[in-house]
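What follows is one structure encoded as structure tokens, with my remarks underneath.
The values are calculated or read from the model by the stated rules, or taken from the named source; none is laboratory data. Nothing here was measured: the structure is a model prediction, and the numbers come from that model. Here the Cβ positions follow ideal geometry from the backbone for every residue, glycine too, while neighbour counts run over all protein chains shown. Please note that ligands, DNA and RNA were not included when accessible areas were found on the heavy atoms of the full protein model with its side chains. Shrake-Rupley method; radii C 1.70, N 1.55, O 1.52, S 1.80 Å.
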Amino acid sequence: MPSIFDQDLPRNEANYAALSPLAFIERTAEVYPDRLAVVHGGLRRSWAEVFTRCRQLASALQQRGIGKGDTVAVMLPNTPPMVEAHFGIPVTGAVLNALNTRLDPETIAFMLDHGEARVVIVDPEFAGVMKKALALRQSSAPLLVIDVEDALYTGPVERIGSIRYDEFLASGDAAFAWRQPDDEWDAITLNYTSGTTGNPKGVVYHHRGAALNAVSNILEWDMPKHAVYLWTLPMFHCNGWCFPWTVAARAGVNVCLRRVEPQAIFDAIRQHGVTHYCGAPIVHGLLVNSPASMKQGLPRGVKAMVAGAAPPASMIEGMEALGFDLTHVYGLTEVYGPATVCAAQDGWEKLDIGERARLNARQGVRYHLERDVRVLDLQTLQPVPQDGETMGEIMFRGNIAMKGYLKNPKATEEAFAGGWFHSGDLAVMYPDGYIKIKDRSKDVIISGGENISSIEVEDVLYRHPDVLAAAVVAKPDERWGETPCAFVELKAGATATKEDIVAHCKKHLAGFKVPRAVVFGELPKTSTGKIQKFELRKLAGSAAAIDV
């Protein structure tokens, strides 16, 4: 029987609206139409102008039959069209698939087919890779290819599409009616993650999760109105951790960056008054280790967010010397990027650098609008003791979790078993409730913020005619956090060298997946013949034992 508070109190358009980050740009364009929204080289656009371009993009897509449930892929760096894609595509009801620009043509072709993309927007820098990917597609379904032009791109230009991006936008209606989704559970984006297999899994985000994580970003950073955000983090990575929507909500400035280079970053910070940026450990390491001459005249108080490998003492010290405020976050593609934060407590700043590094190396506590994050026993799904020693698996629950894996009900069911999202990361929980990862239950290597499947690399190694057995584990790396280390057992009489193995891998893998170290010898195995990876991890952790 309904309660008295449900009787004659219906949900209607006046008292309920679906949550969506698409509302953020609409409000900002109304309230702050003349505020600066985008900086790209000499280009400046206001929020009113960006909103108009998003409406034109949506209209042009709709005119070509794109609507709810369709996929629109983009292969773009951090440029203005990428900002526009995060609004103009999903407002049609379509789903944005931001492709990882570092991947090989074979993987891109798989994603286009698996996601059933109907349109793909391509930056000229990636036209060559996309051209090869299009030729490798298994699907015969028509695909509209749109070429982007960018004044800041200085390389060779090859048109592979049937229309230019600005021409496409010009065909759209600037007065296109901006609509929110009818259901906040509707898909907004599709992001592929390599997971632990060679075939990428398609992670589907919903409007509700995207909106809530975008707001959580604001709350965690106490981000003010009109913040100036530098795009060092790729927008293809978990939709830039939802920051395209966060910046719109705060009527901030998107400072675009084609390439992540120390000089360009420092110049942008000084020139545009950057207040916030995010990045993998390698980005912060590049800044810390840059020549002193590059660092002159930097403003103090720039807020930086790091995810991936825990920040070491040298990075924390280096960022402090720059005058930057570093925040450590943790998450996965399946939880929209950052979902926990190592929230600093009063008094930490007075501790010595070693103790501060120890505390800041933890993955921390849940994001503001994430319902719950716990370290649970893998069998019972009960919380492990908060003793900093008992290991369990990090699990998430709440609104900031994916809808599931596209066309993969088995993997979706496994990921959500027991009413929790299983991260696959093994961790402990400390008495203060902070989480710290101890190991990975899945053999994923995180290099420069990118996930690398050890199984995928091993599959390629096994295709070399001289290889009898192979195993790949993570090797600690000061620059990248981790890199793939290949242990290879050759067939009797084989003479393959490290150079041969690396060259073979380069033919079949994206550059960042190619092993940086190759070790030859008999692999340690159990009595049943299973390779003992824990022994190999020990060896990989010893620089003296590795041929680099």
Express as a percent, rounded to the nearest 5, the fraction of DSSP beta bridges in the chain (both residues included) that run antiparallel. 60
Give, as a single signed number, the net charge of other residues whose beta carbon lies under 11 Å from the beta carbon of Leu298, with Lys and Arg counted +1 and Asp and Glu -1. +2
How long is the gain from Arg164 to Asp182 if the chain were fully straight, where each residue apart is worth 0.36 nm and the alpha carbon distance is subtracted? 3.3 nm
In nm, what is the difference between 0.36 nm times the number of residues separating Val502 and Thr380 and their Cα-Cα distance? 39.6 nm
Convex hull over the alpha-carbon atoms of the stretch 3-160: what's its volume per residue in Å³? 155
Sticking to Cα atoms, compute the Rg of the stretch 394-487 to one decimal and its Dmax as the biggest Cα-Cα distance, whole number, in Å. 16.5, 53
Please work out the Cα center distance from the stretch 131-187 to the stretch 224-281, rounded to the nearest Å. 23
Carbon plus sulfur, as percent of the 1.4 Å-probe accessible area of the stretch 377-499, comes to 51
Carbon and sulfur: what percent of the stretch 247-364's accessible surface (1.4 Å probe)? 50
Where Lys and Arg each count +1 and Asp and Glu each count -1, what net charge lies around Gly128 among other residues with Cβ under 13 Å from its Cβ? -2
Just the number please: accessible area per residue for the chain, 1.4 Å probe, all protein chains included, in Å². 43
Kindly work out what percent of the DSSP beta bridges joining two residues of the stretch 299-351 are antiparallel, to the nearest 5. 50
List the lysines whose Cα sits under 30 Å from the Cα of Lys507, skipping any in the same chain fewer than 8 residues away. Lys131, Lys132, Lys201, Lys407, Lys442, Lys475, Lys491, Lys498, Lys525, Lys530, Lys533, Lys538
Contour minus end-to-end for Ile353 and Ser293, with contour as 0.36 nm per residue of separation and end-to-end as the Cα-Cα distance? 19.1 nm
Only Cα pairs under 8 Å and at least 6 apart count here; give the relative contact order of the chain as a rounded whole percent. 11
Gap separating the Cα centres of the stretch 388-431 and the stretch 309-351, nearest whole Å: 23
If I take the Cα coordinates of the stretch 152-207 and project them onto the principal axes, what are the three extents in Å, biggest first? 37, 37, 21
Need the C-alpha centroid separation for the stretch 65-111 versus the stretch 1-43, integer Å. 23
Of the accessible area of the stretch 50-196, with the probe set at 1.4 angstrom, what percent is carbon plus sulfur? 49
Fraction of beta bridges assigned by DSSP in the stretch 28-127 that are antiparallel (%, nearest 5): 30
Normalise the Debye intensity by I(0) for the chain, one equal point scatterer per Cα, no solvent, then take log10 at q = 0.07, 0.09, 0.12 Å⁻¹ and round to two decimals. -0.41, -0.69, -1.26
